[in-house]
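Here is the structure we will look at.
What follows is calculated from the coordinates using simple rules that are stated; it is not laboratory data. Given the structure is predicted, the values throughout are model-derived calculations rather than measurements. As a convention, Cβ positions derive from the backbone with ideal geometry for all residues, glycine included, and neighbour counts pool all protein chains shown.
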Amino acid sequence: MLHSLLPVYYVQLSPTEVSVLNVKSNVLVRDLPEVAVSPGAKPTVLAVGSAARQAAAQSGGVWANPFGHPRSLVSDFVLAEAVLKHFVIHAAPAGWKRLIAPSPRMVMHPRGEPEGGYTQVEIRALRELGMAVGAALVTVWQGRSLTTEELLSGRFPLEGRVLT
């Protein structure tokens, strides 16, 4: 019963796009997986998504795509966390304060089919990335896009697999 009350986020990741769907409210946030950070010893996030390149150029900051490495889906965990956190915050229901919002269930769906499949390191990085942005339960899914019913029920189709 409690499981069904938690928010559900469906995160699809690729080197060219990140999308976060708040399944219960049907709010979808989709953009480039890019981030701009200020230079210096303690960098701060300047912009995320399509505004990142311009923000980096204007401020002298650094631009990066933490999902754009040729051998691994996550190339920079800290920047990937900043990007994902931005998307999740924008997909959250209006008026929810982070301190009182329940921790969501999250389905991380890496897009693409890397040669040899995803490694245990990549699967763990995706799971920990979801937990780092506040998810109580993270499932890593490989296969076709999931329906709202599948996401809400937590029952995944046979055409694909949950990565462990």
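At 1.567 mPa s and 4 °C, plugging the Kirkwood radius over alpha-carbon pairs of segment 33-126 into Stokes-Einstein gives what diffusion coefficient in µm²/s? D, rounded to a whole number, is 87 µm²/s. Each Cα pair under 8 Å and six or more residues apart adds its separation to the average, and for segment 3-65 the resulting relative contact order is 24 percent. Taking label points 7 Å from Cα along the Cα-to-Cβ direction, residue 89 and residue 144 give a separation of 3.6 nm. The label-point distance for residue 51 and residue 161, in a model that sets each label 7 Å from Cα toward Cβ, rounds to 4.1 nm.
For the pair residue 38 and residue 76, a Förster radius of 22 Å applied to the C-beta separation gives a FRET efficiency near 0.90, rounded to the nearest 0.05. Over the chain, Cα pairs under 8 Å with separation of 6+ residues give a relative contact order of 23 percent.
Residue by residue, segment 86-93 carries 3J(HN,Hα) couplings of 4, 5, 5, 4, 6, 8, 5, x Hz when phi is fed to the Karplus relation 6.51 cos²θ - 1.76 cosθ + 1.60 (θ = phi - 60°); x denotes Gly or Pro. Computing Rg and Dmax of the Cα atoms in Å for the structure here picks out one of (i) 21.6, 74; (ii) 15.8, 50; (iii) 27.5, 87, namely (ii). Within the listed set 58, 12, 142, the residue fluctuating most in the Gaussian network model of the chain (springs between alpha-carbon atoms under 10 angstrom) is 58. For segment 34-41, the Karplus equation 6.51 cos²θ - 1.76 cosθ + 1.60, evaluated at θ = phi - 60°, returns couplings of 10, 9, 10, 10, 6, x, x, 5 Hz by residue, with Gly and Pro reported as x. If R0 equals 30 Å, the separation of the Cβ atoms of residue 6 and residue 121 corresponds to a calculated FRET efficiency of about 0.60.
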